[in-house]
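Written below as structure tokens is the structure these notes are about.
The values are calculated or read from the model by the stated rules, or taken from the named source; none is laboratory data. Quick caveat, the model's predicted, so the values are computed rather than measured. Neighbour counts run over all protein chains shown; Cβ positions are idealised from the backbone, glycine included.
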Amino acid sequence: MPATATAISCPGSGYCIAVDGDGGAMVYQNGAWSAPVKIDGNNQFATVSCVSQTGCAATDQFDNVLYYKASGS
């Protein structure tokens, strides 16, 4: 994993989402981690939960809730 994860969720076999202390998210698929992508400024993520590969929710240290839903799902 390219960054230090603060939380991780694996909604499917061989597929995980991790969030870090710098507001970034990484995806694990096809046996490798993606580079972190900043999605919450420099805020530290506290949690992440994915019900599927197309829907996740996360919270940061300020209790902001971020939600991702893939288009078309």
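List every residue pair whose Cβ atoms lie under 6 Å apart, where the two residues are 6 or more positions apart in sequence or sit on different chains, the first residue falls within the range 1-17 and is modelled with pLDDT under 90, and the second residue, located anywhere, is assigned to a loop (DSSP other than H, G, I, E, B) and surrounded by fewer than 17 Cβ atoms within 10 Å (Cβ to Cβ).
Here the result reads P2/A35, each pair linking the range 1-17 to a residue that is assigned to a loop (DSSP other than H, G, I, E, B) and surrounded by fewer than 17 Cβ atoms within 10 Å (Cβ to Cβ).
Of the residues that sit in the range 50-63 and are loosely packed, with under 14 Cβ neighbours inside 10 Å and not hydrophobic (A, V, I, L, M, F, W, C), which one is nearest to T4 (Cα to Cα)? Let's see the steps before the verdict.
Taking the range 50-63 as the starting set, the residues that turn out to be loosely packed, with under 14 Cβ neighbours inside 10 Å are 51-52, 54, 61-63.
Of the ones still in play, those that are also not hydrophobic (A, V, I, L, M, F, W, C) are 52, 54, 61, 63.
Details: S52: 23, T54: 23, Q61: 16, D63: 20 Å.
That would be Q61.
Going through the range 6-38 one residue at a time, which ones are more than 18 Å from D60 (Cα to Cα), hydroxyl-bearing (S, T, Y) and under 12 Å from the mean Cα position of the chain (by Cα)?
Within the range 6-38, Y15, Y28, S34 meet the criteria.
Filter the range 52-73 down to the residues that are touching a Ser or Thr at 6+ places or on another chain (Cβ under 9 Å), assigned to a strand (DSSP E or B) and farther than 12 Å from G21 by Cα and list them by number.
S52, G55, C56, A57, A58, V65, L66, Y68, K69
Can you tell me which residue within the range 39-51, out of those that are of a type outside the set (D, E, K, R) and outside any loop (DSSP other than H, G, I, E, B), is farthest from the chain's Cα centre (by Cα)? Spell out the reasoning first.
Here is the first cut: in the range 39-51, the residues of a type outside the set (D, E, K, R) are 39, 41-51.
Among the residues that remain, those that are also outside any loop (DSSP other than H, G, I, E, B) are: 42, 45-51.
On the way: N42: 14, F45: 9, A46: 10, T47: 9, V48: 6, S49: 8, C50: 8, V51: 12 Å.
Top of the filtered list is N42.
Looking at the range 7-33 only, could you name the residues that are part of a loop (DSSP other than H, G, I, E, B) and surrounded by fewer than 16 Cβ atoms within 10 Å (Cβ to Cβ)? Please lay out each step first, then the result.
Our first condition is that a residue be part of a loop (DSSP other than H, G, I, E, B); within the range 7-33, this holds for 13-14, 21-23, 30-31.
Matches in the range 7-33: S13, G14, N30, G31.
Which pairs do you get when a residue that is closer than 16 Å to T4 by Cα, found in the range 29-40, comes within reach of a residue that is in a loop (DSSP other than H, G, I, E, B) and of a type in the set (D, E, K, R), reach meaning Cβ atoms under 8 angstrom, with the pair 6+ apart or on two chains?
P36/D22; K38/D22
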